[in-house]
1. Relative contact order for segment 17-259: what percent, with Cα pairs under 8 Å and sequence separation of 6 or more?
2. Based on the mean of other beta carbon atoms within 10 Å per residue, what is the order of 186-193, 38-45, most packed first?
3. Summarise the accessible area of the chain (1.4 Å probe, protein heavy atoms) by the percent that is carbon and sulfur.
4. What whole number of Å gives the distance from the Cα centroid of segment 350-391 to the Cα centroid of segment 132-190?
5. At a threshold of 8 angstrom on Cα-Cα distance, excluding pairs fewer than six apart, so keeping six or more, what relative contact order does segment 287-380 reach in percent?
6. Non-local amide H neighbours of S85 (under 5 Å, H modeled in plane, Pro and chain starts lacking H): which ones?
7. Cα-Cα over 27 Å: which of K155/K329; K155/K255; K36/K216; K193/K274; K47/K193; K216/K255?
8. For segment 301-318, what does the Karplus curve 6.51 cos²θ - 1.76 cosθ + 1.60, with θ = phi - 60°, yield as ³J(HN,Hα) per residue in whole Hz, taken in order and with x for Gly and Pro?
Amino acid sequence: MNGEQYLLLPGPTPVPERVVRAMNRSMINHRGPEFKAIHDEVVEGVKKIYHTNQHVVIYPSSGTGGLEAAVANFIAPGDRVLAISIGVFGDRFADIARAFGAKVEQLSFPWGKRADPARIKEKLEADTNHEIKAILMTHNETSTGAYNDIKAIRKAMGDHPALTLVDSVSGLAAIDLKMDEWGLDVVVSGSQKAFMIPPGLSFLAFNDRALEVHRKRSNSCFYWNVETSLEYQAKGQTPFTPPISLYYGLQEALKMIQEEGIDQITARHRHYRKLVRDSVRAMGLQLLTDDEAASPAVTSVLAPEGIGANSIRQYMLEKFNIVIAGGQKDLDDVIFRIGHLGYIRDLDLLTVITALEITLLQLNVPIQQGAGPRKAQECIIERLGDIERME
Ligand SMILES: *Cc1c(COP(=O)(O)O)cnc(C)c1O
């Protein structure tokens, strides 16, 4: 098939040519001055994206490794933990805490919805002895395309002393998150979603309050130990050999993020959300999430009556070399998910919408030809007007 593949997954996401080239360099001594310069620059750069002046540790792992690091460092076996879940990744965070021996109480909300802060408030108010030590939550639930109002949840927690642990693997750098201002203690992210670099790095941000909890623990971990990481960080190093090529890529991606500006980036993602949702609706398709909960990073679309979501994906791959994601667990073959985070352009999404429409027509779904792409164009034109007015 001619041309590059269109990768519209909610991770891994397309990697810019600039980042690919930056990674294509020789190895250097990870205990030398050249690496120290890169290390110090990327740690500071990642902190800016979190809007934090606290600590960030970078691990060579996928996002799940970062979540496990959060649990291993800040939750002790036997701790009572409240895990809020709105989908597969919320369930996973709870499972990790269970694997480490925490007593997990799970508060789940229907898939496609966001968590209700009032329910969380109730739970915490009932915990008058402050037995709950930590609250786990997902910022952007990639499996459903709903995202949580973390700021509102944190506010609803009031002055309950439990640590707030947030999975923002697919949220950070696409959706607004202000770690310090919102009072979040621990926030995890990863490289292959909005950071525009390949899989293989996770980011663990934590504040002094969390570090204090870590220090009071009798047992902890070795490879993931944040205190060891901070010791080496002071020397511009990591305790163990870092994936140097990914650091090259991260350095370049952070430059791109700074050039564009984090507020511009989050605005761009909100625009993608509108473009995809409005276009898909114009085609007559249904969305899994309502507008309030809809993620700026990924959109879940219900397959039309009588057609499997996976047959739509299959057709788009075979005929157009376009990759979109399927549903997970109970949503397999029920929804397909269009990832629109990271290094994406308007015209990539117009292409996907056009391909989706042709696919549905070819599969004999009775839709009006041209409605989706027309709507996508309208959204693009509207946004161009907004940008020109701001300039
Ligand atoms: C991608 C993702 C993860 C981590 O998945 P890995 O495959 O381990 O990188 C965790 N949480 C969310 C919300 C994600 O989107």
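The values are calculated or read from the model by the stated rules, or taken from the named source; none is laboratory data. Because the structure is a prediction, the values reported are computed rather than measured. Cβ atoms come from the backbone with ideal geometry, glycine included; neighbour counts cover every protein chain shown. What goes into the accessible areas is simple: the full protein's heavy atoms, side chains included, and nothing from ligands, DNA or RNA. Shrake-Rupley method; radii C 1.70, N 1.55, O 1.52, S 1.80 Å.
1. On the way: 458 pairs, mean separation 71.4, N = 243.
It rounds to 29 percent for segment 17-259.
2. Details: 186-193: 28.2, 38-45: 17.2.
Taking the mean over residues of other Cβ atoms within 10 Å, the ranking is 186-193, 38-45.
3. Values: 8120 of 16620 Å².
Percent of accessible area from carbon and sulfur atoms in the chain: 49.
4. Result: 33 Å between the Cα centres.
5. On the way: 106 pairs, mean separation 24.1, N = 94.
Over segment 287-380, the number comes to 26 percent.
6. Here the answer is L107, S108, F109, since their amide H atoms fall under 5 Å of that of S85.
7. Working: K155/K329 32 Å; K155/K255 33 Å; K36/K216 30 Å; K193/K274 19 Å; K47/K193 17 Å; K216/K255 38 Å.
K155/K329; K155/K255; K36/K216; K216/K255, as the Cα separations exceed 27 Å there.
8. Going residue by residue, I get 10, 7, 5, x, 2, x, 10, x, 4, 6, 6, 5, 4, 4, 5, 5, 5, 5 Hz, with x marking Gly and Pro.
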